[in-house]
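Input: a single structure, listed below in structure tokens.
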Amino acid sequence: MSDLLIDRLATLRNQHVFYFPNTGNGGDGFIAHATMWLLNSLSIEFTALGPHEIAPKGSTLLFGGGGNLIENQYDTLYNAIQSNIDGNTGIVLPHTIRDYRNLFSKDNLEIFIRDPISYDNARKYTVDTNQHFYLSHDMTFYLPKDYFQQFWQLGDGVFYCFRQDEERDSDLWVDGNQDISLSWNGSWWTNERLSKASTEAMAASLSPSRIVATDRLHVAILAAFLGKRVYMTANNYYKNEAIYRHSLSRFFPNTSFHKTRQDIVNAIKNKP
């Protein structure tokens, strides 16, 4: 894929950067793995730092992509940016962003946004015609489409992965539900081998099923890479639907979006 993000990162070829992966669950591990793969493929040397570490002044910083810049809900990455951006040059990798408006006034911070709703909001936050934010795609979409080929199989049955945390949009319980993203949760993703291993573990978990039903964005994306028939529904804000319409449906037509968990259950039940 060629776009503004790739063009910008390509200017860092053969340079060293400090990379702050987003903290969180297995989906964030998938993002970190895709990011490290892309940096390696572009010959960008990197040191991964935890959210409370401080990079040396005069450095180029990459702040991990994801959904952590949601004001009044998540602040770990925001705090890492605030602690490190002065005296450095920073790039926020593709993010869903709600508020945190002061980030858009920093001349030494470029922001890549992974969905049109966040992007349109950012346009409202600033009147500066020399804007430093750009619309792109979630980091995982920069992997080759055959990246998970070793896990491809037709499979059988349905894998239900509905989230059980505070970002869920429904309390509907489905027998056999497995929220595999919560198998890992925390500040794990500075570890390159672990981010790859956890991503492959999720792929191996999904691979034996023919259908995947989920409100986990990165379970949906990973299942789409695996060639599964993916039924997706919302989280508790606009992230899932916005990225589905902007990226997932574009790159993987084997996916569909449904208003509620119950709509997914009904659709699968009535599937011929």
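The values are calculated or read from the model by the stated rules, or taken from the named source; none is laboratory data. These numbers were taken from a predicted model, which means no experiment stands behind them. Ideal geometry is used to build each Cβ from the backbone, glycine not excepted, and the neighbour counts take in all protein chains shown. All accessible areas refer to the heavy atoms of the entire protein, side chains included, with ligands and DNA or RNA removed. Shrake-Rupley method; radii C 1.70, N 1.55, O 1.52, S 1.80 Å.
Is at least one residue of the stretch 77-98 of a type in the set (S, T, Y), surrounded by 14 or more Cβ atoms within 10 Å (Cβ to Cβ) and at pLDDT below 95? No, every residue in the stretch 77-98 fails to be of a type in the set (S, T, Y), surrounded by 14 or more Cβ atoms within 10 Å (Cβ to Cβ) and at pLDDT below 95.
I need the full set of residues from the stretch 242-268 which are open to solvent by 30 Å² or more (accessible area, probe 1.4 Å) and in a loop (DSSP other than H, G, I, E, B), in order please. Selection gives P253, N254, H258, K259, T260. Number of residues in the stretch 213-241 that are touching a residue at least 60 places away in the same chain (Cβ under 8 Å), of a type outside the set (K, R) and either farther than 29 Å from E71 by Cα or open to solvent by less than 10 Å² (accessible area, probe 1.4 Å) (or both) equals 10.
Yes/no per residue for (1) open to solvent by 20 Å² or more (accessible area, probe 1.4 Å); (2) outside any strand (DSSP E or B); (3) in contact with a His (Cβ under 6 Å, 6 or more places away or on another chain); (4) more than 24 Å from E166 (Cα to Cα):
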site: I6; (1), (2), (3), (4): yes, yes, no, yes
site: R13; (1), (2), (3), (4): yes, yes, no, yes
site: V17; (1), (2), (3), (4): no, no, no, yes
site: N22; (1), (2), (3), (4): no, yes, no, no
site: G29; (1), (2), (3), (4): no, yes, no, no
site: T35; (1), (2), (3), (4): no, yes, no, yes
site: L39; (1), (2), (3), (4): no, yes, no, yes
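Among the residues of the stretch 172-200, write down those that are of a type in the set (A, V, I, L, M), in contact (Cβ under 8 Å) with a residue 12 or more places away in the chain and not in a loop (DSSP other than H, G, I, E, B). Spell out the reasoning first.
At the first step, the residues of the stretch 172-200 found to be of a type in the set (A, V, I, L, M) are 172, 174, 180, 182, 194, 197.
Now restrict to residues that are in contact (Cβ under 8 Å) with a residue 12 or more places away in the chain: 172, 174, 180, 182, 194.
Selection gives I180, L182, L194.
Note on the stretch 149-171: residues that are surrounded by 15 or more Cβ atoms within 10 Å (Cβ to Cβ) and either more than 17 Å from the chain's Cα centre (by Cα) or under 16 Å from V212 (Cα atoms) (or both) total 10.
When N121, N72, N88 are screened for being of a type in the set (S, T, N, Q) and closer than 17 Å to F20 by Cα, only N88 passes.
Strands (runs of 3 or more DSSP E) fully within the stretch 70-171 that include at least 3 residues being among the aliphatic types (A, V, I, L, M) and without any contact (Cβ under 8 Å) to a residue 60 or more places away in the chain: 109-113.
Among the residues of the stretch 45-69 satisfying the criterion of being over 16 Å from K106 (Cβ atoms) and free of Cβ contacts under 8 Å to residues at least 40 places away in the same chain, which is surrounded by the fewest Cβ atoms within 10 Å (Cβ to Cβ)? Filtering first and then ranking leaves G58. The numbered conditions (1) within 25 Å of L154 (Cα to Cα); (2) surrounded by 15 or more Cβ atoms within 10 Å (Cβ to Cβ); (3) within 19 Å of the chain's Cα centre (by Cα) are all true for A197 except (2). Does the stretch 99-109 contain any residue that is within 30 Å of A223 (Cα to Cα) and open to solvent by less than 40 Å² (accessible area, probe 1.4 Å)? Scanning the stretch 99-109, I find no residue that is within 30 Å of A223 (Cα to Cα) and open to solvent by less than 40 Å² (accessible area, probe 1.4 Å), so the answer is no.
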